[in-house]
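Some notes on the structure that comes next.
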Amino acid sequence: MADPADLPEPDAVEGAPHPRATVNLFGQAQAEQDFLTAFNSQRLHHAWLLSGPRGVGKATLAWRIARFLLATPPQEDDGLFGAPMPPASLDIPPDHPVARRVLARSEPGLFLLRRGANDKGDKLSDLIRVDEVRKLFNFFALSSADGGRRVVIVDSADEMNTQAANALLKMLEEPPARATLLLISHQPARLLPTIRSRCRTLRLGPLDEDDMRAALDQAQVEIPNGDTAAMTMLSEGSVGTAVRLFNQDGLGLYRQILSVLGSLPQLDRPGMLTLAESCAGKGREDRLALALTLTDRLVSRLARTGVTGHPPPEIVPGEAEILLRLAPDAAHGRAWAEAIQKAGDRARHARAVNVDPAMLITDMFLHLQHAA
């Protein structure tokens, strides 16, 4: 059995600081202000659902709120000097004792609910199981003596199995005193309606180019000059996705996929085989998954071009000409939409039965060739 401390953190993105170590949040000023307004009005809800696309800063916001709540005393009028000035931001200095304890994972008022080890203890579980949720009851029992505020971060609520979700629901129905639960959700529609109904929602949206550049700079991810706009569009405004794309040369892979698809209707078979071979072999599972995702995204852009009559902004030079040539009208747009749906279904089935990755990629492009 592996030491749990040796397992990777399930809520971390490789190549980027963990959200608890991320000081600034970019592009989500409205969500921050909505929370501050509730706090300053003395109407702080006990449960908050932080929703939005994956990688746009939901976890970073949750950790900022946690530090803020644990470091900010109650805004009460003491009868002598009156109530203190309401805080204008969620910022807590990095040298604040709470900030230091949070970073060191030693803050007694904070509980992080996330995926734990599997039954063998050698890997992370695929889901948050009920045993992890039950640890919350011990946390509240042990932390109730000091009478201070308690904060729980659930990252992510989408990953709870049915038993875990029902256990958390009971806590939402009868929340402990002075407790705030922050539920991170990439797909809130998948949560129990009763969980959603007991939370106030903070919605976070995709980042624009300027915020993306600032967020990547903070994460010390050095995107080449001129590629920030392309990375913003390719990642659909998600910093987490942009970091993953950078780690796997996603922009280069997208250019390679565009080159092969742009050769249609006369498919560039040598190019297709080169692409397929680059996704095959042990240790290339992430590249295969990324190739399938980017192909789906590119063909979706083809479908949109045909239906709307004009291409979206180019991710890479020359893309617009290819999109217009392959999807000149609405009929072609619909054909591409149907083609990628079928190709995606075939790819998912092929992965489920462990078809050779090179064959999987080859089959997908041969299927798309028929649509052209």
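The values are calculated or read from the model by the stated rules, or taken from the named source; none is laboratory data. Every value quoted in this text rests on a predicted model; they were computed, and no experiment measured them. Here Cβ is always computed from backbone atoms with ideal geometry, including for glycine, and neighbour counts include all displayed protein chains. These accessible areas exclude ligands, DNA and RNA; they are computed on the full protein's heavy atoms, side chains included. Shrake-Rupley method; radii C 1.70, N 1.55, O 1.52, S 1.80 Å.
Values as computed for the structure displayed
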item: Residue ranges of helices (runs of 4 or more DSSP H) in the range 121-203 with at least 3 members under 22 Å from residue 12 (Cα atoms); result: 130-143
item: Criterion: closer than 30 Å to residue 142 by Cβ, open to solvent by less than 80 Å² (accessible area, probe 1.4 Å), at pLDDT 95 or above and in contact with a Leu (Cβ under 8 Å, 6 or more places away or on another chain) - qualifying residue of 257, 195; result: 195
item: Residue within the range 226-242 that is under 16 Å from residue 15 (Cα atoms), open to solvent by 60 Å² or more (accessible area, probe 1.4 Å) and in contact (Cβ under 8 Å) with a residue 12 or more places away in the chain present; result: no
item: Filtered residues of the range 14-31 (kept if buried (at least 20 other Cβ atoms within 10 Å of the Cβ) and either hydrophobic (A, V, I, L, M, F, W, C) or more than 17 Å from the chain's Cα centre (by Cα) (or both)); result: 16, 25, 26, 31
item: Residue that is at pLDDT 95 or above and closer than 18 Å to residue 139 by Cβ, where the choices are 179, 157; result: 157
item: Options 119, 217: the member that is over 21 Å from the mean Cα position of the chain (by Cα) and open to solvent by 60 Å² or more (accessible area, probe 1.4 Å); result: 119
item: Test set (1) at pLDDT below 95; (2) surrounded by 13 or more Cβ atoms within 10 Å (Cβ to Cβ); (3) of a type in the set (Phe, Trp, Tyr) - residue 81 fails condition number; result: (2)
item: Long-range neighbours under 8 Å by Cβ, at least six apart or interchain, first residue in contact (Cβ under 8 Å) with a residue 40 or more places away in the chain and under 16 Å from residue 158 (Cα atoms) within the range 171-200, second part of a helix (DSSP H, G or I) and open to solvent by 80 Å² or more (accessible area, probe 1.4 Å); result: 188/196; 198/173
item: Selection from the range 2-56 of residues that are part of a loop (DSSP other than H, G, I, E, B), over 16 Å from residue 241 (Cβ atoms) and touching a strand residue (DSSP E or B) at 6+ places or on another chain (Cβ under 8 Å); result: 2, 7, 8, 10, 44, 45, 46
